[in-house]
Structures are given as structure tokens and as C-alpha cells.
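The values are calculated or read from the model by the stated rules, or taken from the named source; none is laboratory data. Because the structure is predicted, anything quoted here is derived from the model rather than measured. Here the Cβ positions follow ideal geometry from the backbone for every residue, glycine too, while neighbour counts run over all protein chains shown. Calculation scope for accessible area: heavy atoms of the full protein, side chains included, ligands and nucleic acids excluded. Shrake-Rupley method; radii C 1.70, N 1.55, O 1.52, S 1.80 Å.
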Amino acid sequence: MTIALVDYEMGNIRSIRNALRIITEDVRIVSTGSELGSPDAIVVPGVGSFADGMQNLRQQGFVEPLTELVINEETPYLGICLGLQFLADYSTERGVHDGLGWISGEV
């Protein structure tokens, strides 16, 4: 099993990687959308501001590949903290900011 661990510069990637290695040794840390490939599962951790996190996801080219893999190809997705919040339509933290829009609602 290959797990893609999304590093958009807002999370404790090393701790999450170490925890995931209990499941599989094949944990790939990816820093751009083009590095995602075709993993068996995707993990998106994160702490901090929703707006900053979404901005980083966009700048690093993750939004379209994640949507393709998770929504169209049904690749399992685990969002931790911000990684889960991103699924909503938008957040009202420090203004109104668009999320991935995979789940209808507001954070």
C-alpha cells in the first residue's frame, strides 16, 4: 500500500509519517500536485489558518490532482485538522475563503 502524505508546509509531516509507517513503509511525502502519482491513499494533515492552507494547496498545485484522485477515482482520503476542514465549500475564519467544495458546508 502506498500512502501519499501531502506536505503543503502547514503540518508536522514527520510525526504523521512515523505514525503511518505502522500501516505501511511506503509513505511518500509529496510537495507538489504533480508528485502525487496514483497512491492507494492520501493523507492531508495541517495546523493553522484555513486561508493560508488553501493558498498553499493552490500554489503547490494540489487542488486539481487531489480532486481527480479523491472525487473521480475514489482514492481514500484522510484529512487531519485543516486537511478535514478543506473539504467544505468555504471557511469564515478571518474572512470568507473557498475550500475544496467536496462537502457542502461552512467551516
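Observations
- Looking across the stretch 13-34, the residues that are under 21 Å from Val47 (Cβ atoms) and among the hydrophobic types (A, V, I, L, M, F, W, C) come down to Ile13, Ile16, Ala19, Leu20, Val27, Ile29, Val30.
- Among residues of the stretch 61-84 that are closer than 20 Å to Glu106 by Cβ, those with a beta-carbon under 7 Å from a residue that is exposed (fewer than 15 other Cβ atoms within 10 Å of the Cβ) at least six positions away or on a different chain give the pairs Cys81/Val47; Leu82/Val47; Leu82/Gly48.
- Restricting attention to the stretch 76-91 and to residues that are in contact with a strand residue (DSSP E or B) (Cβ under 6 Å, 6 or more places away or on another chain) and outside any strand (DSSP E or B), the residue that is least open to solvent (accessible area, probe 1.4 Å) turns out to be Gly83.
- Hey, Ala19 in contact (Cβ under 8 Å) with a residue 40 or more places away in the chain, outside any loop (DSSP other than H, G, I, E, B) and surrounded by fewer than 19 Cβ atoms within 10 Å (Cβ to Cβ) or not: no
- Boolean, Pro39 is surrounded by 18 or more Cβ atoms within 10 Å (Cβ to Cβ) and in a loop (DSSP other than H, G, I, E, B): yes
- Residue in the stretch 43-59 that is touching a residue at least 40 places away in the same chain (Cβ under 8 Å), among the β-branched types (Val, Ile, Thr), in contact with a helix residue (DSSP H, G or I) (Cβ under 8 Å, 6 or more places away or on another chain) and part of a strand (DSSP E or B) present: yes
- Members of the stretch 1-16 found to be in contact (Cβ under 8 Å) with a residue 60 or more places away in the chain and either over 21 Å from Glu74 (Cβ atoms) or surrounded by fewer than 17 Cβ atoms within 10 Å (Cβ to Cβ) (or both), listed by number: Met10, Gly11, Ile16
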